[in-house]
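A short worksheet on the structure shown next.
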């Protein structure tokens, strides 16, 4: 079943209907659903779907030859192999003179690695031949750095040849819930917290009606796909998986600043920065800076991929129980009771997304949403604000807190937010937002009626 991505599919189809040459670049991290989107787009169109492999140029030429032959002879076997990529591309040119052809090169970085001149060859074709042909070219890749620098970047031979680009992101929390509309809001929030909105992970979690059983069977079982996924992805994408594993473990255990991560992993800050950049390119780690401030000493590193964050939070410390088959007996004590704490950062992301994508009316025209942290000069204590919404213009800000716990939130939370706003100190007026899984006290609800605060439950986020 194809879910979500309707906007991307509509835009792809609109360009297809234009009957002009197109060079579409589609990229995004692995498992995010790029191939599913392309397959859905291609299913009612004449297409040559070539998925490159991490192998030699001659092997990739065989695969391309088979793709061309299969397009011409859907039931045929024994495809002849072209003598060169130029000959294969020439055949595609000839085919486009008869009808519109969608030509997909999936995992383009593999082809470019095997055949160094392919980008220059495609540039020449686009400039001199294909720009006037009925060809709809799609270049797709999972290597974020390669696609951004070697395909979209200024130094690339293909720079300026694309007609559109689509960066495919993980699904939002509301889109993730479309996979399991029969479940309640808390269950869908947990699924999002574990999978991060990556469609492949949502499917592999195999939730029916019990999330705990799904987690035990599909993450805490050594034979399951998701148990092996973090290690396999590191081995597949990176040359030194052991080093990256150490860095991710260090961040998962609480290290967040560059010097701290470097010290605990035994690396110099220079190489450590390089490794962190690679993890950022894969979407596993993100660098975060207090909103309204420039990147600098206050910047921290967090795990951005929810599956990695969940895995490294719960699997290594329970490895003995997993290996001995006792994890089901211990699950409630070592995993389930810690889920509210784990879901704290996930819930913050959901609340930020709600403000950006789903809130119908906001008191300010929102420019950006993020965290803010700093020191209260009066008390010399660190202050952290879960949500700060900055305005496009003016000095009115949104200040918010997010609580993923069962207790009802009271007036004291609003007073705390007001004190934090004074420490933040950049606004002339503040609009206070409190998000709570467990609801609110009657006293705080009365203040909402007076317009002093905006209150949202978990159910409100999904409504």
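Annotations for the structure displayed:
- Taken as a whole, the range 16-25 holds at least one residue that is out of contact with any helix residue (DSSP H, G or I) (no Cβ under 9 Å at 6 or more places or on another chain) and not in a loop (DSSP other than H, G, I, E, B).
- The range 218-242, residues that are more than 22 Å from residue 266 (Cβ to Cβ) and over 20 Å from the mean Cα position of the chain (by Cα): 218, 220, 221, 222, 223, 224
- In the range 11-35, residue surrounded by the fewest Cβ atoms within 10 Å (Cβ to Cβ) [restricted to those that are more than 25 Å from residue 279 (Cβ to Cβ) and under 21 Å from the mean Cα position of the chain (by Cα)]: 11
- Selection of the range 69-84 for residues being in contact with a helix residue (DSSP H, G or I) (Cβ under 6 Å, 6 or more places away or on another chain), buried (at least 16 other Cβ atoms within 10 Å of the Cβ) and under 22 Å from residue 122 (Cα atoms) yields only 82.
- Here residue 411 clears all of (1) modelled with pLDDT of 95 or more; (2) touching a strand residue (DSSP E or B) at 6+ places or on another chain (Cβ under 9 Å) except the condition numbered (2).
- Output for the range 26-55, where each listed residue is farther than 19 Å from residue 103 by Cβ and touching a helix residue (DSSP H, G or I) at 6+ places or on another chain (Cβ under 6 Å): 28, 31, 33, 54
- The condition (being touching a residue at least 24 places away in the same chain (Cβ under 8 Å) and closer than 30 Å to residue 351 by Cβ) is satisfied by just one residue among 139, 171: 171.
- Search result, residues across the range 200-214 that are touching a helix residue (DSSP H, G or I) at 6+ places or on another chain (Cβ under 7 Å) and either touching a residue at least 60 places away in the same chain (Cβ under 8 Å) or assigned by TED's automatic domain parsing to the domain that holds residue 36 (or both): 201, 212
- Helices (runs of 4 or more DSSP H) contained in the range 217-278 and holding at least 2 residues under 26 Å from residue 331 (Cβ atoms), in the same structural domain as residue 324 (by TED's automatic domain parsing) and modelled with pLDDT of 95 or more: 225-237, 241-252
- When 409, 399 are screened for being in contact (Cβ under 8 Å) with a residue 12 or more places away in the chain, within 29 Å of the chain's Cα centre (by Cα) and not assigned by TED's automatic domain parsing to the domain that holds residue 193, only 399 passes.
- Residues satisfying the stated conditions in the range 184-209, i.e. at pLDDT 95 or above and in a loop (DSSP other than H, G, I, E, B): 184, 196, 197, 198, 206, 207
- Members of the range 85-140 that are surrounded by 18 or more Cβ atoms within 10 Å (Cβ to Cβ), out of contact with any helix residue (DSSP H, G or I) (no Cβ under 8 Å at 6 or more places or on another chain) and in a loop (DSSP other than H, G, I, E, B): 107
- Selection count, the range 320-374, where residues are in a helix (DSSP H, G or I), out of contact with any strand residue (DSSP E or B) (no Cβ under 8 Å at 6 or more places or on another chain) and over 16 Å from residue 189 (Cβ atoms): 14
- Residues that are in a loop (DSSP other than H, G, I, E, B), over 26 Å from residue 186 (Cβ atoms) and more than 33 Å from the chain's Cα centre (by Cα) within the range 416-455 comprise 428, 450, 451, 452, listed in sequence order.
- Every residue from the range 37-69 that is closer than 30 Å to residue 17 by Cβ and either in a loop (DSSP other than H, G, I, E, B) or modelled with pLDDT under 95 (or both): 43, 44, 45, 46, 52
- Restricting 459, 413 to those that are in a helix (DSSP H, G or I), within 26 Å of residue 337 (Cα to Cα) and touching a helix residue (DSSP H, G or I) at 6+ places or on another chain (Cβ under 7 Å) reduces the list to 459.
- Selected residue (only one of 170, 157 is buried (at least 17 other Cβ atoms within 10 Å of the Cβ) and closer than 30 Å to residue 188 by Cα): 170
The values are calculated or read from the model by the stated rules, or taken from the named source; none is laboratory data. Model, not experiment: these values are computed from the prediction. A quick note on method: Cβ atoms are made from the backbone with ideal geometry, for glycine too, and the neighbour counts reach across all protein chains shown.
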